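A short worksheet on the structure shown next.
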Amino acid sequence: MFSKRGGQQSTSSSEDLLRTQIRAQAREIASLQRGLVELRRENAKLSDMDKRPLMEKFKDNVKQLGRDTEWFKLTKIDEEITVNTYRSKTDAKFNLIKQPATVSATFPELQNAKITVETSSALPVRIELNSQPFRREILSVKAKFDLERLFNLNNGPTLVVQPTPSAFELNRETKWNPTLEKEMAIDNVHVVGKYTIVNDSVSLDHVDFEATTTHKDYGQFRLKKVSHHTMMEETKDVDADGYWQLKWKMMGKHGITLTGDATTKDAGEVEARVKKHFSKRIHVSVGGKAMAQEVDATIGYQFIDELAGWEVIAKSVATRDGVQNPEFLLNHAWEFKTENV
């Protein structure tokens, strides 16, 4: 009797397990059938779309591309206002069709306004577009070729060409203005260099570079050389001279920062400054220029709560002619959240 009941229980358990497996398979089959129906519907839809005229399909693709493309997104605005003279300087950063772009302008001197758009740095070939509309320079083009990635050259430079007078009217009179640019690290020194290629000469006068190094005890040192080629491009002045510049910065104790700046630009100048932060809100600095024989003092207040982001700075300058009236500056930076592109 015991053996018979055990056999009946075993048979019942097997039947229950089989029923459970059958139900699971039935659910799976039903799911697959629903998926098949959806696939058939999608296939029919695609088949109908494929039968449309070519021009209609092209128009729909263009519309879809327009809907999916982020044409413009503002990322940051820096504003500096000189209250005494009603002058202002604005730097805006934004993404134009997902490419980084900047606009720089001063008011009321709008002739220096500049718009720059550059394709992603992830590409081996990049295009930079510049426009200074108030100088009648509607558009200039720079093409940048990363020779290291294009030709697998170890530590290869970037070749930059900027056709003038126009990239849209290439002819025998076109000047390509080629330069070689390279960014690298040598031991503890970070170097950014540029060499302007000139057909009739090879000289250190064609070299631009900026070398930066930081010492744990003596601070950061930055040596910069700007060639007259670069100055001519920036100022649009054929007689522009290049210059050298040495900067130093050290973060001291108790919120004190020491800086120094020596340059040969504009007949030369040597400047030193001491700045101290007394709190998150208040900072004071005192500086002087040797050649100009002047001393200045500034005090700044950073709003944190009520006008977060705004900073007001009062500056007074003393020269051989006496103490000038204080100058008041307002600074603000707006940052807008954006996804990585």
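The values are calculated or read from the model by the stated rules, or taken from the named source; none is laboratory data. Keep in mind that this is a model prediction, so the values were computed, not measured. Positions of Cβ are generated from backbone atoms using ideal geometry, with glycine treated the same way; all protein chains shown enter the neighbour counts. These accessible areas exclude ligands, DNA and RNA; they are computed on the full protein's heavy atoms, side chains included. Shrake-Rupley method; radii C 1.70, N 1.55, O 1.52, S 1.80 Å.
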- Task: Under 1.5 on a/c is rounded, so check that first for the stretch 20-115, then, if it is not, pick prolate when a/b is larger than b/c and oblate when it is not; a ≥ b ≥ c are the square roots of the alpha carbon gyration tensor eigenvalues.
- Result: oblate
- Work out the charge dipole of the stretch 78-210 with +1 on the Cβ of Lys and Arg and -1 on the Cβ of Asp and Glu about the Cα centre, then indicate which of LEU110, LEU170, SER120 is farthest towards its positive end. LEU170
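Using a 1.4 angstrom probe on the protein heavy atoms only, could you order VAL270, VAL103 from most to least accessible area? Numbers along the way, then the final one.
Details: VAL270 70, VAL103 45 Å².
So, going from the largest accessible area down, we get VAL270, VAL103.
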- Item | Rg(Cα) / (2.2 N^0.38 Å) computed for the stretch 254-310, rounded to two decimals | 1.42
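How charged is the neighbourhood of VAL295? Take every other residue with its Cβ under 13 Å from the Cβ of VAL295, and add Lys/Arg as +1 and Asp/Glu as -1. List each step's numbers first, then the result.
Working: positive: ARG273, LYS289, LYS315, ARG320; negative: GLU271, GLU294, ASP296, ASP321.
After counting each charged neighbour, the total is 0.
Which whole-number value in Å² is the accessible area per residue of the stretch 144-286, probe 1.4 Å? Kindly include the intermediate steps, with their values, before the conclusion.
On the way: 9900 Å² over 143 residues.
Here the per-residue accessible area is 69 Å².
Hey, any idea what % of the stretch 34-157's accessible area is carbon plus sulfur with a 1.4 Å probe?
Values: 5280 of 8960 Å².
Exposed carbon and sulfur together represent 59 percent of the surface.
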- Item | Global size of the chain as Cα Rg and Dmax, reported in angstrom | 33.1, 124
- Taking the dipole about the Cα centre of the chain, with the C-beta of Lys and Arg at +1 and of Asp and Glu at -1, give me whichever of GLY288, ILE197, ALA267 is farthest to the positive side. ILE197
- Residue-ordered couplings for the stretch 250-259, obtained by feeding phi - 60° into the Karplus form 6.51 cos²θ - 1.76 cosθ + 1.60 and rounding to whole Hz (Gly and Pro as x), are 9, 8, x, 7, 6, x, 9, 10, 10, 9
- Once the dipole of the chain is set up with Lys and Arg at +1 and Asp and Glu at -1 on Cβ about the Cα centre, which of SER316, GLY156, VAL83 lies farthest towards its positive end? GLY156
- Considering only GLU311, GLU327, GLU173, give the residue with the highest GNM mean-square fluctuation for the chain, with springs between Cα atoms whenever their separation is below 10 Å. GLU173
- Query: Among residues other than MET184 whose Cβ falls under 14 Å from its Cβ, what is the net charge (Lys/Arg +1, Asp/Glu -1)?
  - Reply: -4
- Task: Would you calculate, for the chain, the mean residue ellipticity at 222 nm contributed by helices, counting each DSSP H stretch of 4 or more residues as -39,500 (n - 2.57) and dividing by all residues, to the nearest 500?
- Result: -7500 deg cm²/dmol
